[in-house]
Structures are given as C-alpha cells and as structure tokens.
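Asker: Here you go, one structure.
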Ligand SMILES: [Mg+2]
C-alpha cells in the first residue's frame, strides 16, 4: 500500500468509555476495527488530550489489547518527511472521536443545524438539506472499513 489510509483515533469516549482520568470500559469493537485496519496495511495515530503518566497508561492499556499505534499525538514520520514539516494538527484521512460530527456536505462547507430528532443536518449554502450527520459512532465507522 503506497499511501495507506491514516486514522487518528481519540481515547476517552472512543477506545473506552469516558471516565477520565480513569480508563473506562473498553470499546472492543472499535479496537478490533483498528487492529484489522493495521493488519490490512493502514496506519493508526492515537489522538488524545492525555499527557504524561495518563498518556502512558492509555498507550499501555491499548498495547495490552493488541493495538500498537503508528504515532502518538504526532504525525506519521513518513508524512513529516514527505511534507517537510510537522504541523500541530495531526493529519489523517479520518478522525474517530466521540465528539465528532461528520460534515458530508460535499464540495462546499455547510452549516450544521439541530433537527427535531436530536441529530444534526448539514445544510449547504442554498439551504438544501444534505445529510443527517449524527448517527451511532460504530455504525458510522463500519461503512468506511472493508470487511
Ligand atoms: Mg473523547
């Protein structure tokens, strides 16, 4: 794989239940999806606010569950070399985060509006409703991975 798909994943609330600073119950399905992604040649970056000892605990916790990160709160070394910099924003093809909102409005940026069902709709500038973007996290993620 020349340009492997890069996934940046959050820890608290995504890989485990959010009980920060403690580590909550594991989200085994997400962990398994990421391990399979790596087996298929993809890259996974841990993208978390944890630092120091709390970060070390999280990394070890993931290692004990078979998930070894290609980078931690950092860009992949090959991308740093390719672009000649290491910007503060971790670059990825996808960002998996319990607080994420998918904006799939297509070619133009859209506005997010809350709908009656508690979800969000992405609106383009012509005010056409494009997509309901708030769905259960796992359902959103599964469609992006090949079986
Ligand atoms: Mg989180």
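Each reported figure results from applying straightforward, stated rules to the coordinates on display, with no laboratory input. Keep in mind that what you see is a predicted model, and the values were worked out from it rather than measured. Don't worry about glycine lacking a Cβ; one is built from the backbone with ideal geometry, like all the others, and counts go over all protein chains shown.
Asker: Treat each spin label as a single point 7 Å out from the Cα along the C-beta direction, and report the residue 100 to residue 57 distance in nm.
Answerer: Result: 2.6 nm between the two label points.
Asker: Using only the Cα atoms of segment 1-97, what semi-axes does the equivalent ellipsoid have when each is the square root of 5 times a gyration tensor eigenvalue? Give whole Å, largest first.
Answerer: Each semi-axis is √(5λ); the values are 22, 16, 10 Å.
Asker: Obtain the nm distance between the two label points defined at residue 39 and residue 85 by a simple spin-label model: each point lies 7 Å from its Cα along the Cα-to-C-beta direction.
Answerer: Simple spin-label model gives 3.8 nm for this pair.
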